[in-house]
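Below: one structure, written as structure tokens.
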Amino acid sequence: MTIRCEIVSQDRMVFEGDVDIVIAPGELGEIGILPNHAPLLSTLTFGILKVRRAGEEEVFTIAGGIVEVQPDIITVLANAAENIAEIDIARAEEARTRAEEYLENGPPPDTDTYLAMEAALRRSNLRLNAVMRYRRRDRPSRFSPLDGGEIG
């Protein structure tokens, strides 16, 4: 049995499909959602959202938002969301560097700018940490099963 899942960010549909389970970063901890879950509305925090279907797992970074759960559909409305396979490491590192430099220069004259830079730093750190943690699974092993030797 599966449940429909839609992950939507402010600018696009990030994921849509039938899944076995969704694990989302709730404000008070991870939320595991299976088919026929009781209705739920919850806020999400910065973190990792995992979607499992047919034994495969897809991993997304989520920069806050809300999740609505109905017995037959999960809707994630994220402030920002990205599949870790799509993360541009160089761009994330540049964003982190810019935010760190801006914050090192002392507090800006207005709170909104400071909060925006702080959020940008959190988002870029989340993206880079997710890539380091979860893309490892996609890397080939050090040993090739074809020739029995070590890879390069």
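Among beta bridges from DSSP that stay inside the chain, the antiparallel ones total about 90%. When shorter helices are ignored and each DSSP H run of at least 4 residues is given -39500 (n - 2.57), the per-residue value for the chain at 222 nm works out to -9000 deg cm²/dmol. This ranking places PHE15, PHE60 by how few other beta-carbon atoms lie within 10 Å of each, fewest first, which gives PHE15, PHE60. Does the range 87-138 come out rounded, prolate or oblate by the C-alpha gyration tensor, with a ≥ b ≥ c the root eigenvalues, rounded set by a/c under 1.5 and, if not, prolate when a/b is larger than b/c and oblate if not? It is prolate, given that a/c is not under 1.5 and a/b is the larger ratio.
Projecting label points 7 angstrom from Cα along Cα→Cβ for THR45 and ARG122 puts them 0.9 nm apart.
Taking Lys and Arg as +1 and Asp and Glu as -1, the other residues whose beta-carbon sits under 12 Å from that of THR97 total -2. Using a Gaussian network model of the chain whose springs link C-alpha atoms within less than 10 Å, name the residue from ASP20, ASP11, ASP110 with the highest mean-square fluctuation. Result: ASP110 has the largest fluctuation of those listed. Label positions at ASP88 and ASP110, each projected 7 Å from the Cα along the C-beta direction, are separated by 2.7 nm. Rounded to the nearest Hz, the phi-derived 3J(HN,Hα) couplings of the range 3-8 under the Karplus curve 6.51 cos²θ - 1.76 cosθ + 1.60 (θ = phi - 60°) are 9, 6, 10, 10, 10, 10, where x marks glycine and proline. Sorted largest first, the principal axis extents computed over the alpha-carbon atoms of the chain equal 53, 52, 26 Å. Size descriptors for the range 5-66: radius of gyration and Dmax over Cα atoms are 11.2, 29 Å. Projecting label points 7 angstrom from Cα along Cα→Cβ for ALA38 and ASP18 puts them 2.7 nm apart.
Put in order of Cβ neighbour count within 10 Å, fewest first, the listed residues GLU104, GLU58 become GLU104, GLU58.
All of the numbers you see were taken from the coordinates with simple rules; none came from a lab. The model shown is predicted, which means the values in this text are computed figures rather than measured ones. Note that each Cβ is placed from the backbone with ideal geometry, even for glycine, and that neighbours are counted across all protein chains shown.
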